[in-house]
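Heads up: the structure comes next, in structure tokens.
No value in this document is a laboratory result; all are computed from the given coordinates. Just so it is clear, the model here is predicted, and its values are computed rather than measured. A quick note on method: Cβ atoms are made from the backbone with ideal geometry, for glycine too, and the neighbour counts reach across all protein chains shown.
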Amino acid sequence: MRETAGGILLLLGTVFILLSAVGIFRMPDLYTRMSATTKASTLGIGLVLAGTVLYWFDIAIAARAISIIVFLFLTAPVAAHIIGRAAYFDGVPLWKHTKIDELAEDLEKKREGEK
Amino acid sequence: MTIIEFSVNTAVVLIGLSILVIFVRLAIGPSIADRVVALDLLSANAIAFIAVYSIRNNSTTFLDVGIIVAILAFLGTVAFAFYLGKGKKP
């Protein structure tokens, strides 16, 4: 019963990981790609590791898996933010249908500051 | 075939497939940032694969490697972003 639940969680997590791969392949620009991959892969890995914990049901394994999950949940948004901001100021283009671009003023200021 | 065997085998296939798809983006990705994001996602898939491997081969040794891979992936992304921000100044 416990192993079955672990297997189902494992399957769900892998489906989310596959979805993040499809997202990084299909999305039109860098920022939407990051939006797809960060969320889907974080949830996917969380579910896969939760399935592993349920399968083993051992305190040592649970400690490792939960530490990986907590670390990923803490660092994935930070990494996405940092790389997105660096890419924006580096001049990676937005998608042509993008509606809101709130960092444009900052970009102007930064360009003027460099002159 | 029990459910856990089925799901482990399916997970191996699906994670391998997604690693292939991410490799395509790593190869064609127009900007450097695209490739950095793809690398980050690759290491995430490596962690998931390690977890599946530990069930499939009945050994939990590699779960420690998962922690290291997670830390190294984050540090690598931060370092790449740092040098990306410093790059194009005249």
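State whether segment B:34-83 is rounded, prolate or oblate according to the following rule on the C-alpha gyration tensor (a ≥ b ≥ c being the square roots of its eigenvalues): a/c under 1.5 gives rounded; otherwise a/b larger than b/c gives prolate, and the remaining case gives oblate. Note, shape of segment B:34-83 comes out oblate. Helix screen, chain A: DSSP H segments with Cα axial length of 30 Å or more and mean Kyte-Doolittle hydropathy at least -1.0 are A:2-26, A:30-56, A:59-90.
Note on B:D64/A:W95: beta-carbon distance plugged into 1/(1 + (r/R0)^6) with R0 of 41 Å gives a FRET efficiency of 0.50. Extending 7 Å from Cα along the Cβ direction at A:R85 and again at B:V12 yields two label points whose distance is 4.3 nm. For segment A:2-114, averaging the sequence separation of C-alpha pairs within contact (under 8 Å, six or more residues apart) and dividing by the residue count gives a relative contact order of 29 percent.
Taken about its Cα centre, the protein assembly as shown carries a charge dipole of about 380 debye when Lys and Arg each add +1 at the Cβ and Asp and Glu each add -1 at the Cβ.
Counting Cα-Cα pairs of chain B in 10 Å increments starting at 0 gives whole-percent bin shares of 15, 37, 29, 13, 4, 1, 0.
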